[in-house]
Structures are given as C-alpha cells and as structure tokens.
Amino acid sequence: METRADDFYPTRLERPSQAFERLEPVIHSTGADRTQGPLSESELAQYERDGFLVFNNFLDADTVRRFQQDLRAYERDDNVLRSEGTITEPGKQEIRSIFGIHELSPRFDRLTRDPKILDMVYQLLGSDAYIHQSRINFKPGFHGKGFDWHSDFETWHAEDGMPRMRAVSFSIALTDNTPFNGPLMLVPGSHKTFVPCVGRTPEDNYQSSLKKQELGVPNERDLGRIVDQHGIKAPTGPAGSLIIFECNTLHASNANMSPWPRSNLFFVYNSVENQLEQPFCGNKPRPDFLGNRSATKALQPVKTGDLQRTG
C-alpha cells in the first residue's frame, strides 16, 4: 500500500520501520484554558510525563451500584448479546466487550457529559470533543482473556482515519481492580513515541481483532526496548476509580485467572478539530460503534441534577 502524503504516522507497513517521536503536544490547551481547568499543574505535568492519571473513588458507591445493575441486565439481554457491537470471548458466549454503550444506556450517556469530565477533556485536548468510541470491557472470573500490547491511536489512525494524536480515554472501574483480576497495564512515557506496525490490514479486520488483536501490535524488539526504558505500571483501586490515558499510551492487560470478575467502562473523547478521514490503511471505514462518524459535534454537558436520574 502506498503511503498517503497526509499520513504523518505511517503504519501497517510491509517491513519494520523505526519508531519516532510524536508530532503533537501531549496537552493541547494553552494559557488560561490550561491553568483554569480542574487538573492541577502537578497533575498536568504527570500526564505529560507518563501519559496517564489515576483517581481513586471518582464515582461514589451508589452510582457504581446502579451501573453494576445495568451490567447484569445487559448480560441477560438477548438483544444485547446478538448486537454487532457485542464481542464475545474467543470460542465462548461470555461477553468480552459491548461497544456503543453511551447510545444503549441513558445513564452512561449522561456520564459521558458529566461537566467535571468534560472540563478535564477540554483542558487536555484544548477544544470541545465528541465521543469517538465507548465500550464496557468484561473479564469474567477464571475465564477472562487478556488484551495484547497496543496503542489505541495506531488502530484508530490506521482503521478509522484519526489523523493526529488529539484524543483521550477515560476508564472507570465498575468492579474492584486488583493485581489478580487482569488490571490495565500501561507503559509510562510510551505516549511520546509512535511505533509503526507491520502487516496489511484485511477488510473487516475488526471482526477478529476485537476478540484477539494480532495486527497493530508492536514487535517484541521495540516493545522490549520501550518497556526496559520506562517500566510498566498497573494501577489498582476500588470500583469507581478512574484512569485517564493518552491515545498513544501503550497498554495491555493479562488474563483474569482469579475468581473475581473485572469490568471497566471506557469513553474515548476526540477533539472536534481532529475529525476522522478515510482510514489510512486504505480500507473502508469501520462501523460507527467503533469509529464515530455521525455524531461529531461538541458534547453538551448535562446539569448536575440530571446525573442523579435513575434511568
């Protein structure tokens, strides 16, 4: 495949290519937009250095309980199980991920528009934002499979056409995340380097990659070098904890061999100034539940009272 002139992050190549420094800032806001947001200067410095932030007990116990009730209902709902946006574990009928969750649940939708979240998004992205993707990742006890090392941006760039690194993920734990039930692992500082990956992307690659990702995975040499340099962090915390991580931060998670399930909610915010183009891998765009192309206007914050509604 010939590289496009507007492709600043060539990947899915025929042969290995050297990793290189990102071309955008990590924090896009400047001046008052940077200093007057909810994140402190020390938190911004940590995000700029590590590519992620952790906040324990971001959601209160009652809010978490209501979300957990929703999750149990989804697991018993045949319509949810048959939905194209529901991904099951390889060879099993246990749910691995449900995509487009903010369109399925009014409660999740309101959470994506929580003013305290949107204010942080604006501070990091330097602009209004929209939901590029939302999902719940499940890891049932004993059987939950892991997720291979990857940069989300590499996939969103290649398969969705996200042109630049101006997106951020919010991951909220809906169960306790312990060292034993497959917590999210991140490589601090890896967001500053783009690692091109090898391999032609087949059409509809998402149908297999969402069960087990094989393309868009850094080679072991590059990954080993980056991890040797920066190490690995695996934040843990109670249900309701929040991890914010930059779109190019390398991350993964192990299989869940414990009896305790792990469920995490993900909202991905993309700048309205970073609209998707044609996928840089040359294929047709993925479905909207993976790379949103239809609802790309700035999210409007909900009123505080609306966040407490039960439905």
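The values are calculated or read from the model by the stated rules, or taken from the named source; none is laboratory data. Quantities reported herein were computed from a predicted structural model and do not represent experimental measurements. Quick reminder, even Gly has a Cβ in these numbers, built from the backbone with ideal geometry, and neighbours come from all protein chains shown. Protein only, heavy atoms only, side chains kept; ligands, DNA and RNA dropped before computing areas. Shrake-Rupley method; radii C 1.70, N 1.55, O 1.52, S 1.80 Å.
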Rank-order 115-121, 78-84 by packing density, defined as the average count of other C-beta atoms within 10 Å over each peptide's residues, highest first. 115-121, 78-84
Highest-fluctuation residue, PRO16, PRO140, PRO183 considered, GNM on the chain with Cα pairs under 10 Å: PRO16
Which ³J(HN,Hα) values in Hz, rounded to whole numbers, follow from the phi angles of region 99-115 under the Karplus curve 6.51 cos²θ - 1.76 cosθ + 1.60, where θ = phi - 60° and Gly and Pro get x? 9, x, 5, 6, 8, 8, 10, x, 5, 5, 4, 4, 5, 4, 10, 4, x
Report the one residue of GLY37, PHE58, GLN69 whose Cα lies farthest in the direction of the positive end of the charge dipole of region 1-70 (charges on C-beta: Lys and Arg +1, Asp and Glu -1; origin at the Cα centre). GLN69
Quick shape check on the chain: root eigenvalues a ≥ b ≥ c of the Cα gyration tensor, a/c under 1.5 is rounded, otherwise prolate if a/b tops b/c, else oblate, and it reads rounded
Once Lys and Arg are counted +1 and Asp and Glu -1 for all other residues with Cβ under 15 Å from that of LYS233, the total becomes -2
Value of [θ]222 nm, deg cm²/dmol, for the chain, DSSP H segments ≥ 4, -39500 (n - 2.57) each, nearest 500: -6500 deg cm²/dmol
What percentage of the solvent-accessible surface of region 204-261, computed with a 1.4 Å probe over protein heavy atoms, is contributed by carbon and sulfur atoms? 53 percent
Given a 1.4 angstrom probe, I'd like the percentage of the accessible area of region 1-157 that is carbon and sulfur, rounded to a whole number. 47 percent
I need the peptides 216-226, 172-182 ranked by packing, meaning the mean over residues of other C-beta atoms within 10 angstrom, with the highest value on top. 172-182, 216-226
Which of SER190, SER42, SER271 ends up with the largest GNM mean-square fluctuation for the chain, with Cα atoms connected below 10 Å? SER42
For region 59-76, in residue order, the Karplus 3J(HN,Hα) values (coefficients 6.51, -1.76, 1.60; θ = phi - 60°; whole Hz; Gly and Pro = x) are 9, 6, 4, 5, 5, 4, 4, 5, 5, 4, 4, 4, 4, 4, 5, 4, 5, 9
How much accessible area per residue does the chain have, in Å², with a 1.4 Å probe? 44 Å²
Please get the size of the charge dipole for the chain, origin at its Cα centre, with Cβ charges of +1 on Lys and Arg and -1 on Asp and Glu, quoted in debye to the nearest 20. 580 debye
What size of dipole, in debye to the nearest 20, comes out for region 115-191 about its Cα centre when the only charges are +1 on Lys and Arg C-beta atoms and -1 on Asp and Glu C-beta atoms? 140 debye
Work out from phi, with θ = phi - 60° and the Karplus expression 6.51 cos²θ - 1.76 cosθ + 1.60, the ³J(HN,Hα) of each residue of region 132-141, listed in order in whole Hz, and give x for Gly and Pro. 6, 7, 9, 6, 10, 9, 9, 9, x, x
The ratio Rg/Rh over the Cα atoms of region 49-152, Rh being the Kirkwood inverse mean 1/r radius, stands at 0.98
Could you sort out which of LYS139/LYS233; LYS139/LYS212; LYS212/LYS297; LYS139/LYS297 sit more than 23 Å apart by Cα distance in this structure? LYS212/LYS297; LYS139/LYS297
